[in-house]
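See below for the structure under consideration.
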Amino acid sequence: MAKKKRIFYPVVFMILVTAFFTFLLAFLNEQTYERIEEQRALEFQTSVLYSLNLPIDQMSEREIISFFKNKVKEKSISDRNYYIYSENGITKGYVFQFIGDGLWGSISGHIALDPDFTQLLGVNFTDHSETPGLGGRIDENEFKEQFRNISIEDKEQVIEYGTASGGNVDAISGATSTSTAVRNILNNQIPIIIELTQKEGFDE
Amino acid sequence: MNEIKKLFSLGVWKDNPVYRQILGICSALAVTNLLMNSLVMGIGLIFVTAFSSLTVSLLRKYTPKHIRMMVEVLIISTYVIIMDIFLKAYWPEMSDALGPYVGLIITNCIIMGRCEAYAQNNPPFLSFIDGATMGLGYTAVLLFIAFFRELLGFGSLFGIQVLGDGFMRWTLMVMPPGAFFMLGIVIWIARNVFPDQTEGGPVNG
């Protein structure tokens, strides 16, 4: 009799404790689910708008969400999502997601092109694992702002480093590998994206 | 009151979890390249350790001894998930910055260690204080390490640039090896300040 109790009690106790904490967590998860999703969406939308060179610094969270909802449309071609930004029915830019190899891990982000596909409107990096303080500085505006309004017409290599020697962007000093990786990703991705836009079914 | 004072001096100073008990090292190495990250990680750990100890202590008389570790892990993981959800919902930037380390608080031996060593045999309130002060000791060491790593590696403190533009960033400090050097130095100093009785005096050399 005593032995039976020793098995029975721990099992019941464990089930009760587990049930209690699981319900607690399920409740909290339910309460915050919407907010977490909103935050995720906001982060993504901010990145898309930033790459389009829109003044996100002057916009509140609400404004970003409603701006994105009203003026940006999501489409996809060849399993790749892209975003069309239009103002009063006139297309102002296209944003494509990209992913490529960085120094330590992959770098992903957004590339924005103008409606004629002749100019790079901007670039933003959403995810990377570059060295903090060195390659990690690709997150800094000082670096990212250099990619604004770069012509991509009739060029094999869109991004060339060294503004002093005829390039269009300055690399991050001390982070040669990351800078090279970013250049290669962009130079590879832009022709691929241009090719996508010429495919049938690409929304004008 | 005396008991609280004693716990405080043990947790933060004499029996500090990081440099005396050598617990929680992985996260101490991982998040200390920025003061802000260390502070949030520390607060998280204080929260989780304090409430886990409290809960374990409340349940200690009803918990069968042979399944107590299962119960402890369950309780700890609950508080860690609460912390994770909270950061994701209200501070997504910090959640991104800390990455997987928030979830990994559950593997921090300090918490399990306190539940086992203290909360199992002591009343809830004292267990709560014990957990909080051990967390505080952990936070103090993290902040100490992060102070030097951020200052030397980025030239900033809490993200505010304090060393001029001419300062040459010492990148090694913000890379993982910098953490090993700093932690080693901290433990070395601590070993000299508080000689280990069981080894019969200070370790020289």
field: For the range B:7-193, the spread of Cα positions along each principal axis, largest first, Å
entry: 62, 43, 23
field: Degrees between helix A:176-197 axis and first principal axis of chain A (Cα, 0 to 90, nearest 10)
entry: 80
query: For a label point 7 angstrom out from the Cα of A:PHE202 toward its Cβ, which stretches of the range A:91-106 have the backbone nitrogen within less than 19 Å?
result: A:91-99
- prompt: Mind checking which helices in chain B clear 27 Å along their axis (Cα) and have mean Kyte-Doolittle hydropathy of -1.0 or more, DSSP H runs only?
  reply: B:35-59, B:68-90, B:124-154
field: Residue-averaged [θ]222 nm for the protein assembly as shown, counting only DSSP H segments that reach four residues, each worth -39500 (n - 2.57)
entry: -17500 deg cm²/dmol
query: Quick one: length gained pulling A:ILE90 to A:MET14 fully straight, 0.36 nm per residue minus the C-alpha distance?
result: 21.1 nm
statement: With the charge dipole of chain B built from beta-carbon charges (+1 for Lys and Arg, -1 for Asp and Glu) about the Cα centre, the Cα from B:TRP170, B:GLY11, B:VAL102 projecting farthest to the positive end belongs to B:GLY11
field: Base-10 log of normalised Debye intensity for the protein assembly as shown (one unit scatterer per alpha-carbon) at q = 0.12, 0.14 Å⁻¹
entry: -1.04, -1.22
task: Just rank B:LEU172, B:LEU136, fewest to most, by other beta-carbon atoms within 10 angstrom.
output: B:LEU172, B:LEU136
query: If one puts a single equal scatterer on every Cα of chain A and applies the Debye formula without solvent, what log₁₀ I(q)/I(0) results at q = 0.10, 0.12 Å⁻¹?
result: -0.53, -0.68
field: Packing-based exposure ordering (other Cβ within 10 Å, fewest first) of B:GLU72, A:GLU30, A:GLU200
entry: A:GLU200, A:GLU30, B:GLU72
query: Remind me, relative contact order of chain B in percent, using alpha carbon pairs under 8 angstrom and six or more residues apart?
result: 34
message: Which of A:SER76, A:SER60, A:SER51 ends up with the largest GNM mean-square fluctuation for chain A, with Cα atoms connected below 10 Å?
response: A:SER60
task: Filter the cross-link list A:LYS92/A:LYS155; B:LYS14/B:LYS61; B:LYS6/B:LYS61; A:LYS92/B:LYS88; B:LYS61/B:LYS88 down to pairs whose alpha-carbon distance in this structure exceeds 27 Å.
output: B:LYS14/B:LYS61; A:LYS92/B:LYS88; B:LYS61/B:LYS88
query: Relative contact order, percent, of chain A when contacts are C-alpha pairs under 8 Å separated by at least 6 residues?
result: 14
message: Let me understand the range B:1-112 better: what is its radius of gyration from the alpha carbons, and its Dmax, in angstrom?
response: 14.9, 43
statement: Residue span A:SER78 to A:SER60: 0.36 nm per residue of separation minus Cα-Cα distance leaves a gain in nm of 3.1 nm
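The numbers here are math on the coordinates, done by the rules we state, and not lab data. Keep in mind the model is a prediction, meaning the values are calculated, not measured. Glycine gets a Cβ as well: all are built from the backbone with ideal geometry, and neighbour counts include every protein chain shown.
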